[in-house]
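Enquirer: Got a structure for you, questions after.
The values are calculated or read from the model by the stated rules, or taken from the named source; none is laboratory data. In this text, all values refer to a predicted model and were calculated from it rather than measured experimentally. Backbone-built Cβ (ideal geometry, glycine too); neighbour counts: all protein chains shown.
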There are 2 protein chains.
Amino acid sequence: MKKKASIHDIARQLKVSATTVSFVLNGKAEEKRISSDLEKRIMKYVRETGYQPNHVAKSLRTGKSKIIGMLVEDISDPFFSSIARVIEGNAYKLGYKIFYSSTENDGEKTRALIKVLRERQVDGYIIAPPPGIEEEVKSLMNDNLPVILFDRYFLSLETTNVIVDNFGGSHAAIKHFLENGYKNIAFVTLDSSQTQMHDRLKGYIKAIAGNKLKQCVCKIPYAMKQDKIVEAIRLFLEKHPEIDAVLFGTNYLAVSGLEALHQLGLKIPSDVAVIGFDDNTHFSLFSPAITAVAQPVQEISETVIKKLIARLSGKEKLAEKGTIVLPVKLIVRESSLPRRKK
Amino acid sequence: MKKKASIHDIARQLKVSATTVSFVLNGKAEEKRISSDLEKRIMKYVRETGYQPNHVAKSLRTGKSKIIGMLVEDISDPFFSSIARVIEGNAYKLGYKIFYSSTENDGEKTRALIKVLRERQVDGYIIAPPPGIEEEVKSLMNDNLPVILFDRYFLSLETTNVIVDNFGGSHAAIKHFLENGYKNIAFVTLDSSQTQMHDRLKGYIKAIAGNKLKQCVCKIPYAMKQDKIVEAIRLFLEKHPEIDAVLFGTNYLAVSGLEALHQLGLKIPSDVAVIGFDDNTHFSLFSPAITAVAQPVQEISETVIKKLIARLSGKEKLAEKGTIVLPVKLIVRESSLPRRKK
DNA sequence: CACATTTACTAAATCGATTTAGCACATTTA
DNA sequence: TAAATGTGCTAAATCGATTTAGTAAATGTG
């Protein structure tokens with residue numbers, strides 16, 4: 001295992017100074033008045049030896065890392081992983097790498113992750129924050145580090161946020177149920193006060209209240225295991241036999257809910273109609289195919305990275321703080337169509 | 001934005017040397033005979049000021065980063081993302097962070113990613129390699145860097161590999177079809193010579209040949225878009241109306257295949273029975289539920305991280321090279337049950 | 001009491017880059 | 001011809017940690 005050549009080794013071999021090599025390598029040959037003759041000689045040698053600068057040393061000196069830290073709730077959730085994927089691709093083109101990790105919506109773990117990212121001098125942060133990390137986010141901003149929050153945010157902080165129209169999404173879903181003749185509409189959501197869930201709940205309540213119907217909300221505790229969720233939803237449905245339609249607040253609640261309906265032998269949509277908040281590649285393959293409020297993954301990703309890069313490159317105009325709300329789209333499939341008469 | 005305190009600042013404040021502070025911070029106080037009095041004083045001060053060592057500087061000096069680089073084909077594929085998730089969790093407990101990225105099975109992109117990881121001095125590599133990066137992997141090994149390959153590997157390299165019994169998996173799937181009365185069994189796979197696909201194909205061929213049946217293989221080119229795949233499978237099925245059962249070589253081929261069957265109005269399993277290689281959280285919710293060859297995600301993840309940590313901590317015994325083959329499990333659901341008589 | 005050993009601590013080198021300040025020589029200007 | 005300007009390059013400081021090779025004082029030994 002021979003150890004890697006440093007810029008000094010290069011300099012020694014070529015009988016020039018490390019300074020000169022550094023200038024050439026950073027494209028400052030002209031600016032620093034290095035003769036194009038020497039420049040070529042250095043470039044040639046570097047190319048031939050395959051010299052790779054040590055970026056750790058570079059980061060130490062410059063304080064920059066060309067790395068963006070990204071914290072999502074769960075990288076194995078298709079919503080987050082597809083966003084991560086698009087962001088990674090775009091960042092890559094701009095010379096940035098993405099370093100992502102799952103928070104599991106756990107404040108403690110997230111604090112530790114932010115600490116690690118700071119230690120590594122990442123240049124910017126993209127976070128779908130769990131509850132209770134306001135202080136850490138504020139501290140990042142105090143130190144003038146670029147932070148973009150997405151999916152949810154903190155009302156108490158003046159950050160740059162990229163979210164979707166959660167209120168409008170669930171409101172439209174309920175309206176769609178009503179138009180198709182459903183009247184006893186339940187909302188199965190998380191017991192969470194995070195903005196995205198809060199807004200979805202408000203959209204539901206507004207639509208229900210506006211039509212003088214009865215609210216019926218099932219709140220699933222956070223971090224419950226999949227099989228427990230199925231059980232909880234089953235019990236909820238058994239307790240409320242009048243329910244003829246259900247809006248599920250998240251992707252995985254919908255999946256668990258479908259399982260619960262299956263266990264109860266309830267047919268979709270003739271017994272109970274279903275809509276999921278957040279679409280899923282597979283919803284169209286279910287039978288019946290599941291209606292969903294689709295979030296614009298591509299647009300979310302592009303907006304997030306655009307905002308972050310604007311901050312990183314000092315384009316203050318584009319980088320203004322505030323909340324960007326992207327539209328959602330109700331994708332109507334079989335699971336919410338009018339019921340056949342029994 | 002005040003700049004962060006360095007170890008020298010701490011030392012200056014306490015009127016001791018940076019050396020001493022470093023020793024204390026690294027738990028070497030006793031070994032280096034720092035009086036427990038001074039040790040406490042330093043620890044107290046560090047705690048109170050919230051001093052955070054600069055890990056970039058630390059990495060530069062020690063050559064270690066406590067970061068593991070992980071390259072998967074596609075982080076939004078549930079197979080890879082769930083493995084990433086488990087590995088991340090385990091590594092975290094051992095003081096390592098995971099830095100993962102998607103290769104898109106593209107050699108060029110992967111080479112670039114490996115380069116970045118090397119520049120950042122990651123301590124170890126976990127790679128699901130795309131074709132054609134033998135040289136890079138060899139180079140990592142030459143430099144004595146720990147590398148674990150998983151999901152697929154290179155026959156030409158003596159690496160540590162963690163894979164599943166691909167041959168056995170598809171062999172068992174075909175056997176299951178035969179036992180349920182299917183005779184014209186097709187295999188829809190990728191046009192790839194990577195080991196995992198190769199072995200799955202061999203398992204199919206062996207089972208078919210052993211029973212004197214006719215082979216019928218459909219090879220989908222790599223990197224084809226989802227809708228094109230659906231079309232290709234549809235054409236394949238139309239061209240071979242005799243097919244009464246299909247084994248799909250990967251998760252996403254199965255999903256596309258189901259869509260193709262749907263478009264052709266073919267019923268599962270009465271017209272065509274189906275098995276997917278690689279299970280999916282949603283397969284049990286499809287109707288009919290889809291039979292699948294399930295890979296032991298948890299076990300793969302644990303084996304990978306165990307092997308890597310063994311190498312990192314110098315436990316040579318545990319860290320021996322070679323290929324670990326984990327068993328797969330055929331999860332029988334409705335899509336492969338005996339057909340009702342027409 | 002002289003010498004060896006132990007204790008408690010530190011100065012300075014090092015990792016590999018970037019960057020500031022400036023040197024020596026050539027050329028232009030007044 | 002002396003001063004000013006331009007050209008081409010480099011020495012040394014710096015980023016913030018770790019680590020080697022010590023030193024001075026206290027204690028132990030015969």
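Enquirer: Would you tally the residues in region A:58-69 being facing chain B (nearest Cβ under 7 Å) and either touching a Gly at 6+ places or on another chain (Cβ under 6 Å) or surrounded by fewer than 18 Cβ atoms within 10 Å (Cβ to Cβ) (or both)?
Expert: Adding up the residues that qualify gives 0.
Enquirer: State whether one or more residues within region A:104-113 are within 11 Å of chain B (Cβ to nearest Cβ), assigned to a strand (DSSP E or B) and modelled with pLDDT under 90.
Expert: No, the conditions are met nowhere in region A:104-113.
Enquirer: Would you check if residue A:144 is within 14 Å of chain B (Cβ to nearest Cβ) and either touching a residue at least 60 places away in the same chain (Cβ under 8 Å) or closer than 26 Å to residue B:55 by Cα (or both)?
Expert: Yes.
Enquirer: For region A:249-266, what are the residues that are within 23 Å of residue A:175 (Cα to Cα) and either not polar (S, T, N, Q) or not in a loop (DSSP other than H, G, I, E, B) (or both)?
Expert: Once the filter is applied, which keeps residues that are within 23 Å of residue A:175 (Cα to Cα) and either not polar (S, T, N, Q) or not in a loop (DSSP other than H, G, I, E, B) (or both), region A:249-266 yields A:249, A:251, A:252, A:253, A:254, A:255, A:257, A:258, A:261, A:266.
Enquirer: Give region B:179-204 a look and list any residue that's surrounded by fewer than 17 Cβ atoms within 10 Å (Cβ to Cβ) and under 22 Å from residue B:294 (Cβ atoms), or say none.
Expert: Hits for region B:179-204 are B:179, B:180, B:198, B:202.
Enquirer: Test residue B:285 against the criterion of being among the aliphatic types (A, V, I, L, M) and either modelled with pLDDT of 95 or more or under 17 Å from residue B:187 (Cβ atoms) (or both), and give yes or no.
Expert: no
Enquirer: OK, next. Is there a residue being more than 7 Å from DNA strand D (Cβ to nearest atom), touching a Phe, Trp or Tyr at 6+ places or on another chain (Cβ under 7 Å) and closer than 30 Å to residue B:194 by Cβ anywhere in region B:51-67?
Expert: Yes, region B:51-67 has at least one match.
Enquirer: Of A:68, A:87, which residue is among the β-branched types (Val, Ile, Thr), within 38 Å of the chain's Cα centre (by Cα), at negative phi and not in a helix (DSSP H, G or I)?
Expert: A:68
Enquirer: Looking only at region B:148-158, which residues are of a type in the set (A, V, I, L, M, F, W, C) and either in contact with a Pro (Cβ under 8 Å, 6 or more places away or on another chain) or within 14 Å of chain A (Cβ to nearest Cβ) (or both)?
Expert: B:149, B:154
Enquirer: For residues that are within 7 Å of DNA strand C (Cβ to nearest atom) and over 30 Å from residue B:138 (Cα atoms), tally how many sit in region A:1-31.
Expert: Qualifying residue count for the region: 3.
Enquirer: Could you grab the pairs with beta carbons closer than 8 Å, sequence gap of 6+ or different chains, first residue in region B:42-64 and under 22 Å from residue A:63 (Cβ atoms), second one near DNA strand D (Cβ under 7 Å from one of its atoms) and among the hydroxyl-bearing types (Ser, Thr, Tyr)?
Expert: Filtered contacts from region B:42-64: B:54/B:6.
Enquirer: Can I ask one more? For the list (1) away from every other protein chain (no Cβ under 14 Å); (2) buried (at least 19 other Cβ atoms within 10 Å of the Cβ), I need the number of the one condition that residue A:280 fails.
Expert: Exception for residue A:280: condition (1).
Enquirer: Does region B:48-57 contain any residue that is surrounded by 13 or more Cβ atoms within 10 Å (Cβ to Cβ) and within 10 Å of DNA strand C (Cβ to nearest atom)?
Expert: Yes, that holds for at least one residue.
Enquirer: I'd like the full set of residues that are closer than 24 Å to residue B:285 by Cβ, aliphatic (A, V, I, L, M) and not in a helix (DSSP H, G or I), limited to region B:295-342.
Expert: Selection gives B:328, B:330, B:331, B:332, B:337.
Enquirer: Given region A:155-248, what strands (runs of 3 or more DSSP E) lie entirely inside it while holding 2 or more residues that are touching a residue at least 40 places away in the same chain (Cβ under 8 Å)?
Expert: A:160-164, A:185-190, A:245-248
Enquirer: For region B:30-41, what are the residues that are surrounded by 12 or more Cβ atoms within 10 Å (Cβ to Cβ) and more than 12 Å from DNA strand D (Cβ to nearest atom)?
Expert: Once the filter is applied, which keeps residues that are surrounded by 12 or more Cβ atoms within 10 Å (Cβ to Cβ) and more than 12 Å from DNA strand D (Cβ to nearest atom), region B:30-41 yields B:38, B:39, B:40, B:41.
Enquirer: OK, next. Write out, first by first residue and then by second, each pair whose Cβ atoms fall under 6 Å of each other, whose residues are 6+ apart or on separate chains, and whose first residue, in region B:118-134, is away from chain A (no Cβ under 14 Å) and farther than 11 Å from residue B:149 by Cα while the second is among the acidic types (Asp, Glu) and buried (at least 23 other Cβ atoms within 10 Å of the Cβ).
Expert: Cβ pairs passing all conditions: none.
Enquirer: Looking only at region B:87-95, decide whether some residue is farther than 19 Å from residue A:115 by Cβ, more than 9 Å from chain A (Cβ to nearest Cβ) and either small (Gly, Ala, Ser) or within 13 Å of DNA strand D (Cβ to nearest atom) (or both).
Expert: Checked against the condition, which is being farther than 19 Å from residue A:115 by Cβ, more than 9 Å from chain A (Cβ to nearest Cβ) and either small (Gly, Ala, Ser) or within 13 Å of DNA strand D (Cβ to nearest atom) (or both), region B:87-95 yields no hits at all.
Enquirer: Next question, about the same structure. Here are B:76, B:82: which of them is facing chain A (nearest Cβ under 8 Å) and closer than 16 Å to residue B:303 by Cα?
Expert: From the options B:76, B:82, the qualifying one is B:82.
Enquirer: Kindly provide the set of residues from region B:1-29 that are more than 14 Å from every other protein chain (Cβ to nearest Cβ), of a type in the set (D, E, K, R) and near DNA strand D (Cβ under 8 Å from one of its atoms), ordered by number. Quick ask: steps written out before the conclusion?
Expert: Kept after step one, since they are more than 14 Å from every other protein chain (Cβ to nearest Cβ), are these residues of region B:1-29: B:8-24, B:26-29.
Right, trim to of a type in the set (D, E, K, R) and you get B:9, B:12, B:15, B:28.
Across region B:1-29, the qualifying residues are B:9, B:28.
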